[in-house]
1. Quick one: which residues, 5+ away or cross-chain, put their amide H under 5 Å from the amide H of residue 183? H built at 1.01 Å from N.
2. Where does each of 281, 341, 154 land when they are ranked from fewest to most other beta-carbon atoms within 10 angstrom?
3. Relative to the first principal axis of the alpha-carbon coordinates of the chain, what is the inclination of helix 130-139, with its axis defined by its Cα atoms, in degrees from 0 to 90 and to the nearest 10?
4. Compute the long axis of helix 272-281 from its Cα atoms, compare it with the longest principal axis of the Cα atoms of the chain, and write down the angle in degrees, 0 to 90, nearest 10.
5. Treating only the Cβ of Lys, Arg, Asp and Glu as charged (+1, +1, -1, -1), what charge dipole size does the stretch 27-82 show about its Cα centre? Round to the nearest 20 debye.
6. Using the Karplus curve 6.51 cos²θ - 1.76 cosθ + 1.60 with θ = phi - 60°, work out ³J(HN,Hα) for each residue of the stretch 181-187 in order, rounded to whole Hz, and write x for Gly and Pro.
7. Rounded to two decimal places and with Rh computed the Kirkwood way over Cα pairs, what is Rg over Rh for the chain?
8. Which one, 17, 301, 193, is farthest towards the positive end of the dipole of the chain when Lys and Arg carry +1 and Asp and Glu -1 on their Cβ?
Amino acid sequence: MSKKVGYAVVGLGVGMNHARAAFKSENADLIAVCDLNKERLDKAKEEFSEVLTYTDIDEMLKNPDVDCVSIAVPSGMHADFAVKAMKAGKNVLVEKPVDITVDAAMRIEKARLETGMKAGVVHQNRYNPDMPLMHDAVVSGKIGKVLFGDFSVKWYRTQEYYDNGGWRGTWAMDGGGSLMNQAVHTVDLMQWLMNSDVESVTSQTAIYDHKIETEDFTASLIKFKSGAVATFISTTCAYPGICTGIGVYGTNGSMEADQDQLKVWKFKGEDESVEKEMLEKYRGNVALAALDPTLCLGHNYVVEDMICAVRDDRDPGILPMEAIKSVRIVNAVYESARTGKTVFFD
């Protein structure tokens with residue numbers, strides 16, 4: 001495309017981050033936003049004075065200036081909205097999770113193939129500067145044979161958080177609780193960093209501190225076809241919100257991070273000064289961005305990648321089939337907890 005990409009956003013909760021990223025992009029024009037909540041639309045109009053506001057997605061999709069749409073509605077509606085947009089000739093960027101079941105997510109992939117439109121999925125934590133670093137250490141063999149991983153999402157959410165909107169913590173629209181909503185990004189990082197398909201999942205879940213349908217705690221043992229194992233814990237009960245722990249351990253080294261901050265970097269034969277240098281450099285996105293103001297992080301990165309994919313006629317960074325992997329793992333955790341049995345993958 002020679003012109004700027006016309007961008008639109010449906011759902012102005014987390015979708016406001018998408019709108020801000022598109023508004024800031026030199027390669028896009030923020031054309032429209034859509035939401036049922038008038039206050040959200042008014043706020044968007046205040047922030048982006050020239051943006052068109054809609055309460056009906058069908059009307060918005062008729063706008064010929066819109067080339068790409070961010071889908072940021074409740075999780076259980078992602079496939080419906082994404083398929084509708086692609087059939088209307090729009091490219092889509094879908095918030096995490098791609099949808100709450102594998103079957104629903106596959107509808108997005110099917111529509112992508114049938115319409116020829118582009119479809120990307122938001123798993124922005126892959127692009128935290130420490131994550132490609134850790135991934136490269138695994139893929140290159142620097143860490144040796146991967147033996148085990150340790151992943152934990154120890155967050156906190158109030159009851160008011162779940163009550164707001166009426167869809168969080170429900171099976172129909174959220175598809176789960178602490179795991180599907182808060183921890184699905186870390187599930188994605190786990191399967192990506194361990195660099196192996198999952199063989200089996202054994203899990204327990206509980207509701208400890210909230211009045212919700214789903215769960216606010218999970219604990220899982222995950223075995224990989226490579227022979228490695230990982231533990232995974234998710235909760236929204238860890239007051240006041242503690243950490244996102246990510247650890248990968250191999251025969252030649254160990255790596256740990258708290259989301260975007262590298263905590264441990266130890267490898268055989270490597271001087272301790274290297275670890276000190278790495279921990280200083282990768283001490284969080286805010287610190288790294290201060291060193292390099294040109295860095296594009298978080299939603300800004302993913303939205304810009306999607307914009308450039310449309311402009312340059314290429315695939316976005318994370319396709320639906322890649323994002324489906326984390327949904328499959330999450331659903332296996334819930335099945336294992338429900339049945340009391342280990343779930344084996346084909």
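Just so it is clear, none of the values below were taken in a lab; they were calculated from the coordinates. This one's a predicted model, so the numbers in the text were calculated from it and none came from an experiment. Cβ placement follows ideal geometry from the backbone for every residue including glycine, while neighbour counts extend to all protein chains displayed.
1. none
2. The order, fewest Cβ neighbours first, is 341, 281, 154.
3. The angle comes out near 60 degrees.
4. Tilt of helix 272-281: around 20 degrees.
5. Roughly 140 debye for the stretch 27-82.
6. The phi angles translate into 8, 6, 9, 5, 4, 6, 4 Hz.
7. My calculation of the ratio gives 0.97.
8. Checking the options against the dipole of the chain, the answer is 193.
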